[in-house]
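Participant: What follows is a single structure, and I will ask about it in a moment.
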Amino acid sequence: MAASVKVEVFQKGIERELKRAEELTGTLATRDQLHAAELAAKAKELVNCKAARSLELEQRKRLEVDCSEMRSQLSTVEEQLISAEARLFETEAKK
């Protein structure tokens, strides 16, 4: 084979390799863009989950406060009932 033919074959081989490298680079760039979009969506989802969790915790605290207040009110009402029953018993005993 003549030197010029060898150079031409070698040059075509390099061109094929370069073309393949460009195709792979394009594929990787596209894949990177898709991954970036997925990551952004996951990040947004995480922010939404954190916000929902925070709201849930806040509502739970309010519920606990409400329950505590209601228990206190129930205790007061029970004491009043016991007192009223005692007075009733005393009134009936005097009759």
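Participant: Would you mind telling me which numbered condition in (1) modelled with pLDDT under 95; (2) assigned to a helix (DSSP H, G or I) GLU64 fails?
Facilitator: (1)
Participant: Which one of these is surrounded by fewer than 10 Cβ atoms within 10 Å (Cβ to Cβ), assigned to a helix (DSSP H, G or I) and at negative phi: ALA52, ALA93?
Facilitator: One residue alone meets the criteria, ALA93.
The values are calculated or read from the model by the stated rules, or taken from the named source; none is laboratory data. Since we're looking at a predicted model, the values are computed, not measured. Glycine also receives a Cβ, built like all others from the backbone with ideal geometry; neighbour counts cover every protein chain displayed.
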